[in-house]
Amino acid sequence: MRPRSANEWRDFWRDGGERELHARLDEFAPHSVRIATLLGSNAPLRAIVAELGRIREHELGAAEDPARDEEVAARVHGWFRGTGA
């Protein structure tokens, strides 16, 4: 279930949401709070892809990998929306 209110978000995050998101982010896991903020604000998939690209470039110092960013973004977006693993 996707949390809708501030109280639901806190409960979701505390009761395992943080841990589950972290597990789905792979190499981006240390930046899970940034992705959680986007998810919580109902950001579209393209915004999550773009943020992962920024993290990859500026935080990880890695080469561009749009396909990988799309893959990870789709995984966490689907999970948060309740449609993916």
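Please go through region 37-65 and pick out each residue that is of a type in the set (Gly, Ala, Ser) and either at pLDDT 90 or above or surrounded by fewer than 16 Cβ atoms within 10 Å (Cβ to Cβ) (or both). Outline the logic, then answer.
First, the residues of region 37-65 that are of a type in the set (Gly, Ala, Ser): 40-41, 43, 47, 50, 53, 61-63.
Selection gives Ser41, Ala43, Ala47, Ala50, Gly53, Gly61, Ala62, Ala63.
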**Qualifying helices (runs of 4 or more DSSP H) (wholly inside the chain; at least 1 residues being polar (S, T, N, Q))** = 6-12, 32-40
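Here is a check on your reading of the model: is Glu27 over 16 Å from Gly78 (Cα atoms) and not basic (Lys, Arg)?
Yes, satisfied.
The values are calculated or read from the model by the stated rules, or taken from the named source; none is laboratory data. Because the structure is a prediction, the values reported are computed rather than measured. Counting neighbours? That spans all protein chains shown, and the Cβs are built from the backbone with ideal geometry, glycine included.
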